[in-house]
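Scroll down for the structure; my scribbles are underneath it.
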Amino acid sequence: MTPTYSFPKTTKNHTNTIQKDTIHFNDVTIQGKYTPSKIIPVQTLEGVDLERLSVVSVADAVRYFSGVQIKDYGGIGGLKTVNIRSMGTNHVGVFYDGIQLGNAQNGQIDLGRFSLDNMEAVSLYNGQKSAVLQPAKDYASAGSIYMKTKTPTFKDNKTNNYKATLKGGSFETINPSLTWEHKFKSNIKTAINAEYLYTSGKYKFTYAKKNGYDTTEVRKNGDLEAIRAEAGIFGQLKNGEWKAKAYFYNSERGYPGASVREEPGKYKHEDRQWDRNFFVQSSLRNSFGKNYTMLLNAKYSNDYLHYVSDPRLDVTTMYVNNTYLQQECYFSVANEFNFFEWWNANLAVDYQWNTLDADLIDFAYPQRNTILSAFATSFRFEKVKVQGSVLHTFVHDNTKAVGGAAENKSIFTPTLVASYSPFNEIDLDFRAFYKRIFRMPTLNDLYYTFIGNKYLDPEYTNQYNLGFTYIKDFENVWLKKIDIQIDGYFNQIDDKIIAMPTSNQFQWTMINLGYVEIRGIDVALQFSWKIGEVGLGTRVNYTYQKAQDFTNPEDEWYGGQIPYIPWHSASSVINVQYKNWDMNYSFIYTGERYESRANIIENYAQPWYTHDLSLSKKFEWEKADLKITAEINNIFDQQYEVVQCYPMPGTNFKLRATVTL
């Protein structure tokens, strides 16, 4: 039997970034886990480690990475966006099976709508991935989150895999899902996954009234009903692979709005939102001889949003009943050239077309054409590795309004990465990188009726990073492995885009005003233990950040910590395995911070923390495997807010049963 894909060399200095390598024979699939050299800082949760966390969505899992802040507006259905190293949500690229998710309207991806039911791995990169062969878009973000869904694998001579999961718990939550995987041939496989989620979103929270005593209210209008369906086909070529995927998500949710501390029952927030997201994407990678590899990507997406806010229920709001439709077409070709074993290069060109329609008066109906071109090269020697890249971005907008489009943008941005391994027998790597990148103003920033400003400049960032990784395996002792990763960084943000009021408080405009400096340290520690039949894994993350606003030296708040960025944050996970039992404990801590750029006592936010615990057991039931899991989250009923006036749930429970055939 001849394999269709060969293992990479697993030497210490290997720079391949593939997380799992698979060899396909005629009837056999062999998998082996490979840990790449971390030239650029990367944090990953994958496989069983991801399943063990007491989390619902990708946003919940990302909390366990260092250097991350999550904006969470409460409950399962609340909006959840991610911010890496205080650079802002719009500087984060989110990739799904290797292709970026887009939102040209406001630049924000709601990570709450991506379930972990079908997820193999979630990875966070600061700067960019270390791989040379990648689309130009992969070079175009200050930080990136990569979501990788599960690829079908089949044991023995099986041609079908089935999995059914049922979750239920607090807030009237019901969450069933089904997965079917089928093997047509040894080199063609398919996977279909569907999931339904409903929750009432009702949970109690406490608040302090003006006269000084605490009372309890119920968070309402936080319900969510959603359907997600995915279908994928995976194929192997003689010297490569291809895959295609279709994704559909449809939901209706309520937004309970901000709780009014003085009189929480005074206003009824009945805002509603309907979402329909659909995309199809495909990818092909193939090698032509030893010196050339090509990667092709293509995608079409269609995103519909309907939002309603009724002032008859909340007098503090304006009447809004609008629909928005985004469309995107994306094509990419990347070409890797291997000149020598120690030198390779990549030339990638991407084209993207975006359009936005809305039922707004005097709307501009913008269209955006973007061409990204990247050249990257890598030099690999025994102890030193160097990578460099230059990205060129060209943006051309059109609008239906004559003269209403922003000027063309043509910008070059570089990245330089280096790592040094001083010892042959010790797995210790030092690294450094510099990256300059920008984020293009969104279509809302430029063209939203009465608010947009077509003269906005892009928002630039400079990133500097120094760090090291140390990995050590042990034999004949309880401690089996340690993995230490520490990085210090300094970020600068220029021309930060913010909203400013005009003479009319209901009409704001977007302007470039702002300079921010961020200094921080990320620490990620992992330990593996084996004591008799008991396996123990621990993961600890810590972040220190000083993110200061230096926009105006004459400003009273000059040099203050920017809103919602804590000085200290941390998380930990402890997993214990014994025979068919599995226990997982997790802890998240967010330190003191301010809720406004005015660092005064009135805007001070208390630290908060949560403890979660889960216990599961596996059973063999005839030809099926059954796994039962019980979870308790926020064990000590911590009352906290991630965003001011958006209280989070207290203690809650969940049961999960999974049957695999």
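The values are calculated or read from the model by the stated rules, or taken from the named source; none is laboratory data. Computed from a predicted structure; not experimentally measured. Neighbour counts are summed over all protein chains in view; Cβ atoms, including those assigned to glycine, are modelled from backbone coordinates with ideal geometry.
In table form, for the structure just shown:
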quantity: Answer from Lys435, Lys409, Lys454, Lys400 - the residue that is more than 26 Å from the chain's Cα centre (by Cα) and within 21 Å of Val92 (Cα to Cα); calculated: Lys409
quantity: Qualifying residue in segment 451-461 (condition: surrounded by 15 or more Cβ atoms within 10 Å (Cβ to Cβ), modelled with pLDDT of 90 or more and not aliphatic (A, V, I, L, M)); calculated: yes
quantity: Within segment 598-608, considering residues that are closer than 20 Å to Tyr544 by Cα and surrounded by fewer than 16 Cβ atoms within 10 Å (Cβ to Cβ), the one modelled with the highest pLDDT; calculated: Pro607
quantity: Asp314 out of contact with any helix residue (DSSP H, G or I) (no Cβ under 8 Å at 6 or more places or on another chain) and at pLDDT below 90; calculated: yes
quantity: Any hit, segment 472-479, residues being surrounded by 15 or more Cβ atoms within 10 Å (Cβ to Cβ) and either of a type in the set (A, V, I, L, M) or within 23 Å of Ser130 (Cβ to Cβ) (or both); calculated: no
quantity: Arg272 more than 22 Å from Lys654 (Cα to Cα), within 23 Å of the chain's Cα centre (by Cα) and either at pLDDT below 90 or surrounded by 14 or more Cβ atoms within 10 Å (Cβ to Cβ) (or both); calculated: no
quantity: Scan of segment 123-140 for residues that are modelled with pLDDT of 90 or more, assigned to a loop (DSSP other than H, G, I, E, B) and of a type outside the set (A, V, I, L, M, F, W, C), ordered by number; calculated: Gln134, Pro135
quantity: Within segment 156-250, strands (runs of 3 or more DSSP E) holding 2 or more residues that are modelled with pLDDT under 85 and surrounded by fewer than 17 Cβ atoms within 10 Å (Cβ to Cβ); calculated: 203-208, 214-219
quantity: Output for segment 277-300, where each listed residue is buried (at least 16 other Cβ atoms within 10 Å of the Cβ) and either modelled with pLDDT under 90 or over 21 Å from Ala334 (Cα atoms) (or both); calculated: Asn277, Phe279
quantity: Qualifying residue in segment 562-575 (condition: among the aliphatic types (A, V, I, L, M), in contact with a strand residue (DSSP E or B) (Cβ under 7 Å, 6 or more places away or on another chain) and not in a strand (DSSP E or B)); calculated: yes
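Conditions (1) among the basic types (Lys, Arg); (2) assigned to a loop (DSSP other than H, G, I, E, B); (3) without any contact (Cβ under 8 Å) to a residue 24 or more places away in the chain; (4) over 30 Å from Asn322 (Cα atoms), marked per residue:
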residue: Asn338; (1), (2), (3), (4): no, no, no, yes
residue: Val349; (1), (2), (3), (4): no, no, no, yes
residue: Asn354; (1), (2), (3), (4): no, no, no, no
residue: Glu382; (1), (2), (3), (4): no, yes, no, yes
